[in-house]
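The structure under discussion appears below in the form of structure tokens.
The values are calculated or read from the model by the stated rules, or taken from the named source; none is laboratory data. On a predicted model such as this, the values are computed, not experimentally measured, just so you know. Note that each Cβ is placed from the backbone with ideal geometry, even for glycine, and that neighbours are counted across all protein chains shown.
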Amino acid sequence: MADTLEQYMARTAVGDERAFAALYDAAAPRVFGLVLRILVDRAQAEEVAQEVFLEAWRRAQRFDPSRGAAISWLLQIAHARAVDRVRASQSQRDRDARIGLRDTEVPIDDVAERVETSLESARAKRALAELSPPQREAIELAYFGGLTQTEIAERIGAPLGTVKTRMRDGMRRLREILGVTA
């Protein structure tokens, strides 16, 4: 069969339609099988297999039997086309999802959002007030002052381990007060 496919390819390269038909009949089941395994969708696999043979007809003169078997050449084209189709389909789904998210308007109640933010802020301030002064100071310097734990230790003149402990214990206490499960 391999010799026959190479002969069909050589004759197809010079425009022999009968040789191309014979090549198609001999190789189509394997080409289609490979494409179907990659794409899963039968209709898409049929389209891609057709594209593979169209490409084989157009590029038959590029086939070089010294570099490999004709079936390998056809299957390489089939694999590349099938993978291209998978990528194109995924790209289209990603684009559709982005456009769908972009075009979906979510009504926002600005007043309600400001009230909720204000209430959460007041609740957080009350919770901070329940911390010990050293814990509150470390957390405020970190979250409101934007300082690192090392910078806090330098600023308040405490060892770094002490600052870390105050922050850890303070955050644990805040979660308890606010009812946050971690």
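Observations on the structure shown:
- Comparison of L128, L74, L39 shows that the only residue that is in the same structural domain as A10 (by TED's automatic domain parsing), over 24 Å from G15 (Cβ atoms) and in contact (Cβ under 8 Å) with a residue 12 or more places away in the chain is L39.
- Enumeration of residues in region 60-77 that are assigned to a helix (DSSP H, G or I) and not small (G, A, S): Q61, R62, P65, R67, I71, W73, L74, L75, Q76, I77
- Any chance R123 is exposed (fewer than 14 other Cβ atoms within 10 Å of the Cβ), touching a residue at least 12 places away in the same chain (Cβ under 8 Å) and not in a loop (DSSP other than H, G, I, E, B): yes
- Within region 168-182, being of a type in the set (A, V, I, L, M, F, W, C) and over 18 Å from K125 (Cβ atoms) holds for one residue alone: A182.
- Qualifying residue in region 132-140 (condition: modelled with pLDDT under 90 and either surrounded by fewer than 18 Cβ atoms within 10 Å (Cβ to Cβ) or of a type in the set (D, E, K, R) (or both)): yes
- Answer residue from region 151-182, given it is more than 14 Å from E137 (Cβ to Cβ) and among the β-branched types (V, I, T) and is surrounded by the fewest Cβ atoms within 10 Å (Cβ to Cβ) among those: T181
- The set of residues from region 129-171 being among the aromatic types (F, W, Y) and part of a helix (DSSP H, G or I) comprises just one member, Y143.
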